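Read the structure below first, then the notes.
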Amino acid sequence: AAPAGADTTTPPPARPVTIAFVPIFGTDPFYMTMSRGARAAAQAVGATLLYQGPTEPSPVQQLQALSAVVARKPDVLLVAPADRTLMVAPLRKVSAELGIPVLCVDTFIGATDGRYQTGGGEVDFPLSYIASDDAAGGALAARALAKAIGGQGRVYVSATWPDVATLARRDSGFRAEMSRLFPQITVLPTQYTGMDPAKAATQLHDMLTLAPDLAGVFCINPGAAVGTFNALKEAGRSGAVKVAVVDATEQMVAALKAGQVDLIASQHPAEMGWLAAMLGFGAVAGQSIPPRVDTGFTVLDRANIDDPGINRFIYAR
Ligand code: T6T
């Protein structure tokens with residue numbers, strides 16, 4: 001029997017389906033890995049994937065990429081919105097005026113943390129949100145970092161941009177878990193690097209001045225990590241100050257192996273892309289699709305990094 005909700009009477013689309021995917025930043029290994037998953041799914045169902053991303057993470061550049069891709073009249077749009085507020089109106093236009101269904105991947109718009117299709121809320125039009133749960137990822141990083149520093153001491157969050165919805169949730173999830181479970185750990189104010197390694201390095205030095213006993217840093221993504229761990233090395237504190245980071249890029253894995261990073265939370269971007277493209281195709285074919293898919297996290301460390309069940313979560317360009 002067909003699973004409840006599956007519409008087995010709808011014929012497949014009569015013409016080839018085009019799936020567009022607009023990431024925050026086209027050359028980011030995270031989104032490139034996601035696009036590989038999306039392309040594999042598109043190929044499996046005979047669809048075409050158009051991947052068009054800005055060369056720099058900025059909502060203005062993302063709008064340009066969006067207009068360019070929409071002009072090619074795709075059947076469905078997968079998008080990782082670069083700003084939870086600024087991208088609402090342009091994406092609403094794509095959905096309501098151009099009639100192109102919108103699915104959010106990785107990041108989201110609006111104030112409901114990626115809960116769409118609830119029949120309410122100011123931003124309810126995306127058909128689905130396919131991503132890891134960043135609050136849970138932040139909490140996972142908090143528990144792993146707390147263990148690495150022996151449950152006490154001062155740490156801070158090195159972030160990139162405040163307006164990317166996922167990153168804000170990673171930060172708040174980390175803080176909430178630390179205060180819930182580890183009263184002897186103090187989380188110092190978040191520093192925003194804007195992905196600039198020089199800025200991350202200066203912030204690390206400032207934090208070491210403020211807290212010479214600094215025990216750990218949670219780097220919200222690789223854009224915050226490189227400057228941080230290089231500056232720790234320069235300060236002769238690699239290994240002593242524990243570093244947790246989200247995203248298992250090859251660069252982060254090399255840093256893990258070199259002892260400059262201690263923990264990596266992988267968020268399975270290939271699966272995100274694969275599932276999003278499949279669901280996008282399903283929506284075009286007239287299937288009902290789930291409004292939320294949680295793709296999970298896996299923690300990588302020096303003890304498990306060579307385990308084949310684990311190292312498949314390393315991002316591959
Ligand atoms: O961490 C990912 C992604 O989840 C986030 O939304 C933006 O930054 C990354 O793309 C890493 O650069």
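The values are calculated or read from the model by the stated rules, or taken from the named source; none is laboratory data. From a predicted model like this one, the values you see are computed outputs, not experimental measurements. With ideal geometry, Cβ positions are generated from the backbone for all residues, glycine too; neighbour counts draw on all protein chains shown. Just so you know, the surface numbers come from the protein's heavy atoms only, side chains and all, with ligands and any DNA or RNA stripped out. Shrake-Rupley method; radii C 1.70, N 1.55, O 1.52, S 1.80 Å.
State yes or no: is A47 over 15 Å from the mean Cα position of the chain (by Cα), within 16 Å of the ligand (Cβ to nearest atom) and open to solvent by less than 20 Å² (accessible area, probe 1.4 Å)?
no
With within 15 Å of the ligand (Cβ to nearest atom), surrounded by 24 or more Cβ atoms within 10 Å (Cβ to Cβ) and touching a residue at least 12 places away in the same chain (Cβ under 8 Å) as the only criterion, which of L103, L78 stands out?
From the options L103, L78, the qualifying one is L78.
Can you tell me how many residues in the stretch 171-230 are open to solvent by less than 10 Å² (accessible area, probe 1.4 Å) and assigned to a strand (DSSP E or B)?
4
Here is a yes/no grid of residues against (1) within 12 Å of the ligand (Cβ to nearest atom); (2) over 29 Å from G282 (Cβ atoms); (3) crowded, with 24+ Cβ neighbours inside 10 Å:
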| position | (1), (2), (3) |
| --- | --- |
| D124 | no, no, no |
| L127 | no, no, no |
| A131 | yes, no, yes |
| I149 | no, yes, no |
| G153 | no, yes, no |
| V164 | yes, no, yes |
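Filter the stretch 12-31 down to residues that are surrounded by fewer than 21 Cβ atoms within 10 Å (Cβ to Cβ) and within 13 Å of the ligand (Cβ to nearest atom) and give me whichever is farthest from Q52 (Cα to Cα).
P29
Restricting attention to the stretch 255-297, and to residues there that are away from the ligand (no atom under 14 Å from the Cβ) and polar (S, T, N, Q), which single residue is least open to solvent (accessible area, probe 1.4 Å)?
Once the filter is applied, the top-ranked residue is Q260.
Just give me the residues in the stretch 231-254 being more than 16 Å from the ligand (Cβ to nearest atom), touching a strand residue (DSSP E or B) at 6+ places or on another chain (Cβ under 8 Å) and not hydrophobic (A, V, I, L, M, F, W, C), in sequence order.
Result: K242, single match.
Given the structure, is A159 over 14 Å from the mean Cα position of the chain (by Cα) and modelled with pLDDT of 95 or more?
No, not satisfied.
Quickly run through the stretch 43-57 and pick out the residues that are more than 19 Å from L279 (Cβ to Cβ) and in contact (Cβ under 8 Å) with a residue 40 or more places away in the chain.
Within the stretch 43-57, just P57 meets the criteria.
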